[in-house]
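Single-structure report; data block below.
The values are calculated or read from the model by the stated rules, or taken from the named source; none is laboratory data. In this text the structure is predicted, and so the values were computed from the model without any measurement. Here the Cβ positions follow ideal geometry from the backbone for every residue, glycine too, while neighbour counts run over all protein chains shown. Heavy atoms of the whole protein, side chains included, go into the accessibility calculation; ligands, DNA and RNA do not. Shrake-Rupley method; radii C 1.70, N 1.55, O 1.52, S 1.80 Å.
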Amino acid sequence: MTGVTETQVLDALREVMDADRGKNVVELGMVGGLVVKGSNVGFVLEVAPQDGPRKEPLRKACETRIAALPGVTSVTVVLTAQSEGKQAPKHNHGHDHKHDHGHDHSHAPAAKASVGERPGVPGIKSIIAVASGKGGVGKSTTAVNLALAMARQGRKVGLLDADIYGPSVPRMLGITGKPHSPDGKKLQPMLGWGIPAMSMGFLVAEDTPMIWRGPMVMSALEQMLRDVTWGELDVLVVDMPPGTGDAQLTMAQRVPLAGAVIVSTPQDIALLDARKGLNMFRRVDVPVFGIIENMSFFCCPNCGHRSDIFSHGGAQRTAAELGCDFLGELPLVMAIRETSDGGTPIVMSQPDSAEAKAYGAIAAKVLDKIDRGAGAQAGPRIVIQ
């Protein structure tokens with residue numbers, strides 16, 4: 001397996017000089033959180049708060065230097081302005097990096113009171129987010145099947161797996177292997193069931209934990225979105241990670257989202273978190289297309305008896321209370337789980353099934369909202385309360 005070592009990365013960075021102080025970035029202790037996974041490199045470049053924007057050329061120089069190393073296919077360099085006394089852990093030259101816990105956002109940039117116009121992605125007409133307030137509600141399964149249902153309805157669709165810590169799209173689409181970069185700058189997306197897809201799961205082993213901090217996650221999301229040759233797409237479906245943290249704000253603030261779809265199960269505890277997700281998108285002026293009730297009911301495959309295991313109708317009532325559309329309900333059936341685990345999504349492997357038709361009906365509603373320009377926005381506005 002080709003790749004680089006931490007030593008090679010550090011040796012290369014010793015050639016990058018900070019002109020202001022006349023020393024290289026390693027000698028100055030500016031390199032933190034170095035992670036090397038085969039041919040993928042990521043690290044933080046720490047600068048003084050007053051030097052933040054001015055040091056962007058230095059960040060770019062580090063990125064360019066590492067990208068030039070043989071065996072490197074992707075580089076994530078995040079510029080962070082650390083206040084004194086709150087420095088992120090420096091690279092410890094070969095020691096274990098278990099201090100970098102993925103959900104520690106203590107060094108994430110603070111939300112701004114206002115955000116400028118969000119740059120689009122060339123070739124992509126509309127971007128939608130499939131989100132949930134909590135994990136375990138079947139959001140990724142829903143995102144994959146919705147994307148494929150849109151493709152079956154004649155649209156050019158791509159799928160971005162934005163869940164850095166728990167990527168599941170490679171398995172659900174049945175894709176193995178790694179993406180290539182013909183020009184050394186942009187990655188070619190992988191193809192699954194006829195649609196292009198990108199996921200952190202293509203770049204690291206399935207059982208490898210991602211121990212990046214918030215700023216590195218946000219930079220990785222930007223790269224997977226903008227440094228991939230998506231081609232001409234009508235819709236890019238983004239499978240968001242659960243919750244309302246850095247990744248969601250990154251997508252909402254920096255990407256021209258046409259709208260968001262919220263996935264929830266019917267029980268009260270899941271709907272409480274779904275409300276949070278819905279309200280987060282509203283706070284940043286991203287239209288919420290509606291709520292989907294997943295695992296809405298269970299029908300016994302033997303006797304046909306229906307059981308509302310997680311209650312029923314809660315998402316529809318919540319949608320009415322919050323003034324948004326109810327997009328539809330999806331049943332809890334073994335076929336959806338089996339096809340998702342097996343890399344044969346039910347929309348494609350069993351297109352005539354009731355479940356596939358349910359996904360298709362929801363996809364049609366979302367496409368109608370996109371076509372009617374339901375997501376046209378001048379830019380998000382962060383409301384601080």
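Here are the numbers for the structure shown:
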| read-out | value |
| --- | --- |
| Whole-Hz couplings from phi, Karplus 6.51/-1.76/1.60, listed for region 168-173; x for Gly and Pro | 10, 4, x, 5, 5, 8 |
| Inter-probe distance in nm under a simple model that places probes 7 Å from Cα toward Cβ, at Glu56 and Glu15 | 2.6 nm |
| Surface accessible to a 1.4 Å probe, per residue, for the residues of region 262-308, Å² | 42 Å² |
| Region 225-267 - convex hull of alpha carbons, volume per residue in Å³ | 100 Å³ |
| Of Lys139/Lys178; Lys60/Lys369; Lys185/Lys357, those spanning more than 29 Å from alpha-carbon to alpha-carbon | Lys60/Lys369; Lys185/Lys357 |
| Alpha carbon Rg of region 149-237, scaled by the compact-globule rule 2.2 N^0.38 Å | 1.07 |
| Distance in nm between pseudo-label sites at His180 and Glu232 (7 Å out along the Cβ direction from Cα) | 2.4 nm |
| Selection of trypsin sites (Lys or Arg not before Pro), region 1-38, meeting DSSP coil and at most 13 other Cβ within 10 Å | Arg21 |
| Percent antiparallel among DSSP beta bridges (both partners in region 127-240, rounded to 5) | 20 percent |
| Distance in nm between pseudo-label sites at Ala48 and Gln153 (7 Å out along the Cβ direction from Cα) | 5.6 nm |
| Equivalent ellipsoid dimensions for region 266-334 as semi-axes, Å, which come from the Cα gyration tensor, largest first | 27, 10, 9 |
